[in-house]
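**Q** Sending over a structure as structure tokens; questions will come in a sec.
Any read-out appearing in this document is the output of simple, stated calculations on the displayed coordinates, not a laboratory observation. Values in this document were obtained by computation on a predicted structure and should not be read as measured data. Here the Cβ is made from the backbone with ideal geometry for all residues, glycine too, and neighbour counts use every protein chain on show.
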Amino acid sequence: MSAPLERLRALALALPGASEKIAWGEPTFRVEAGIFGMVSTAKGRLSVWLKAPEGAQEMLIEAAPERFFRPPYVGHKGWIGLRLDAPGGPDWEEVAFNLARSHALIAAKRPRRSGAAD
């Protein structure tokens, strides 16, 4: 496993209720079964795809196209792609921020499970 992937995994799994599951041959990070992060190694590039708030995708790609891109399959839903193998390495504070934001957006949509019987 690559060092950037291990660091991403540590950040993702430190979030409340986060788990990892392999899907489509790559790690995905989930909260209450909702995916908040998908690792991609397409075209030999390491990236993570994350849910972003409405309007953020365009702004991020325009501001930093060397780090952000519109990922296939989920880009039309506003998700962002964040390159983890960009020259100079990723800005891990930026990665952690976007990962936590994606987690919060997905967690807010999931029904909360109650451990107690009503």
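**Q** Among 60-67, 80-87, 102-109, how do they line up from the highest to the lowest mean number of other beta-carbon atoms within 10 Å?
**A** Packing order, densest peptide first, comes out as 80-87, 102-109, 60-67.
**Q** In whole angstrom, how long is each semi-axis of the equivalent ellipsoid of segment 11-118, when you take the square root of 5 times every eigenvalue of its Cα gyration tensor and sort them from largest down? Working shown, then result.
**A** On the way: eigenvalues 128, 44, 32 Å².
Equivalent ellipsoid semi-axes, largest first: 25, 15, 13 Å.
**Q** If a paramagnetic tag sat 7 Å from the Cα of ARG45 along the Cα-Cβ line, which residues of segment 62-90 would have the backbone N under 12 Å from that point?
**A** Zone members listed by number: 65-72, 81-87.
**Q** Another question about this same structure. Once a ≥ b ≥ c are taken as the square roots of the eigenvalues of the Cα gyration tensor of segment 19-81, is the result rounded (a/c under 1.5), prolate (a/b larger than b/c) or oblate (a/b not larger than b/c)?
**A** Working: a/c = 2.42, a/b = 1.39, b/c = 1.74.
Verdict is oblate for segment 19-81.
**Q** Now, a different point. If each DSSP helix of 4+ residues adds -39,500 (n - 2.57) and the sum is divided by the residues in the chain, what number results at 222 nm, nearest 500 deg cm²/dmol?
**A** Mean residue ellipticity, 222 nm, calculated: -10000 deg cm²/dmol.
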